[in-house]
Structure formats: structure tokens, C-alpha cells
Amino acid sequence: MLCRLTPCLLLLLLLTSCGDLPEPFLGNPGPTGRLLAQPPAARLAVPPPTNALLPDGADSVMANTLASALQTQKVPAIAGPAQKSDWKLVTSARLQGLSVIPEFTVIDPSGAERGHAEGVAVPAAAWSIASATTLQASVTEAAPRIALMLTNIETAIERANPNSLYNRPARVMVADVKGAPGDGDRALTDQMRLRLAALGPEVQTTLTSADFVVDGQVRMVPIANRKQRVEIEWIVKSAAGDERGRVIQLNEIPAGSLSRNWGDVAVEVAAEAAGGVNDVLKRQTGQTGKPQSPVDKSAALRGQPGNPLLEGARPSAGRPAR
């Protein structure tokens, strides 16, 4: 059997810098089909501040600099006045001794305050001059905590909604496996669907209403000593096609031993991989009970306590926040 011939190596690669949840202020939450109690708007407006203790002409510079800093945090922020459907980030400042404390407040489209964050203190003399360097340093420091605040707002909305992925099983399309010799494609597909469904997700065979897609890919690589290296990748994607994580299985077998029937090998492979795929799904849907970032690097590999769980992170382009 595949995982009995040699110790089977399974790598779990998680894309955790932003993940599928939360996605504050993303205009299309449809990749996971979530229904929010109050869907955030497509953008976050950053108007020039009117109560930030800045000299004339610096208000617009502050708005533009802050919007740019938030964009580096994958928040679709736009400098300028808010439109009717926009969420808004209001910048203000207060004098505290010889320092100025920048403050940032998130306002929803109804005008309700949804969150508040403070920046680090800036010497009042430097703030009153409002050089580009001073403003850039201030907003660069504040942008990550503002992004975290937006994440927390979105998380609260998601958790309050019984139809969100925090509160229901994920619907997962397990696509047909490709690349395996013999009856491997069918055997692996059937077993992954069976094993993953047993762990809780709602497994389906079509993309309709799916939150995620699992693609299985197999490569048989000839190596020395009349052996083959079996490389199996289970790629977890959002319904829109954005990659969310991978489970990778590697093993060496006698050449040709899987050219016809996979049998119990498919059972073992799917049983092992389903646990890794389910871990990816749990992290993406916030059902682990742990923060999505940083990743818990102390976790042990399912069924193999001697091997550490290997995790990687890669930013996903276009994501709105951490």
C-alpha cells in the first residue's frame, strides 16, 4: 500500500495572511456565498480630516497618505468624501501634553460608529509642521492596526449571522482527481469525497452554491532503482478560484505497482489527506477557535506525531485586509 511501503510525507500548506475569512469591505463576498447581516460596502472612504490639528493644506495630504498605506494592507481604501453606500474612516487627533495622538474611527453607511483605533504619539511640534515624512511615518504605523480593526468588525458581523461559514458547514465541491494511472483518478475521487464528508463539510460534485473547491492532482515521477515517486496535491480554492491552501503527499513505490488498481491505497491516501484538507477549510471558515494568523506551528501531523506540520504563507493579491 502506498503509505505502508515507506513513511508517507504529507505537507500542509496554508495561505494564512488573509484567508477567505474575514474580508472587510470586499465588494463581492460571493466566493463563499456568505450572507452578512449588513454587508460592508465595496470601498472604505478616507475623507480629509477636519479635526486633526493639522495646518492648512495638510488635510488632503493626510487622507491620500492614509489611503495609500491602507491599500498596502489590502484594504480598498479611497481618499475622498464618502458616498451613500461607503464605509468611512474618520481621522482626528487630540493633544496630550507635548504630543499629538492620531485617532481613527470607522463609520458604517448608516452613520454608526463601528470601531476606533489610535496611532502612536507624535511630537506636537512635528505634527504642527506636518511634513510628508511625519505623516507617512504616522499612517504607516497605524495602517496595520486599522486593518485589524476592520477584520474584527467583519468577524463580528459574520459571527452574528447564522448563515455565515462561522455557523454552518462549508459546501465543498471535490472535483475529479486527474493524473493517476490505472483506476486511481476514480478511486481517489470517490474516497476523498467519502472521507471529507465524514469530517463535517457538505461535499458535492458540482460548483453550484459551493463555498470551496478541492482539486486533486497526481504525478508519477520515475526515479532510480526501478521506483516511482508518487506526488499527490490536494489544492483547496475558493469558489472564485483563489487558492487557499494545499495538502501534498509524497511517497516512493516500486515502478508500475499502481498502474492498474489502487484498492486500499486510495483509501489510505484519502483518509490521510482529508484531515489536512479539513484543517485548511476550518482555518478559512474561522471554525478552529484560533486566530488565523499567526499559524499554530506546534501542531502535529495527523497520524504521524513524529513529523511536524509544515505550513507556509503567501499573500493573495487583491485581498482587503489581514
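Taken together, the values in this text are just the output of simple stated rules run on the coordinates, not laboratory data. The structure displayed is predicted, hence computed values, not measured ones. Using ideal geometry, Cβ is built from the backbone for each residue, glycine included, and neighbour counts are taken over all protein chains shown.
Just want the ordering: Ile129, Ile223, from fewest to most Cβ atoms lying within 10 Å of their own Cβ.
Numbers: Ile129 14, Ile223 11.
Result, fewest neighbours first: Ile223, Ile129.
Just want the answer: with Cβ charges of +1 for Lys and Arg and -1 for Asp and Glu, which residue in Asn163, Pro201, Ala271 is farthest toward the dipole's positive end in region 150-273? About the Cα centre, the residue reaching furthest to the positive side is Ala271.
Grab the beta carbon distance between Glu231 and Ser99, set R0 = 41 Å, and tell me the FRET efficiency rounded to 0.05.
Numbers: r = 57 Å, r/R0 = 1.40.
Once the sixth-power term is evaluated, E becomes 0.10.
Taking only the Cα atoms of region 33-160, the ratio Rg/Rh comes out at 0.99, with Rh defined as the Kirkwood radius. Taking a ≥ b ≥ c as the square roots of the Cα gyration tensor eigenvalues, with a/c under 1.5 meaning rounded and otherwise prolate when a/b beats b/c, else oblate, which class fits region 133-224? Taking the square roots of the gyration eigenvalues as a ≥ b ≥ c, region 133-224 is oblate.
Expressed to the nearest 5 percent, the antiparallel share of DSSP beta bridges inside region 33-160 is 75 percent.
Karplus-derived 3J(HN,Hα) values for region 80-94, using 6.51 cos²θ - 1.76 cosθ + 1.60 with θ = phi - 60°, are x, x, 7, 8, 4, 8, 7, 7, 9, 10, 9, 9, 9, 7, 10 Hz; glycine and proline are entered as x.
For region 79-107 and region 176-199, compute the distance between their C-alpha centroids and round to whole Å. Cα centres, region 79-107 to region 176-199: 53 Å.
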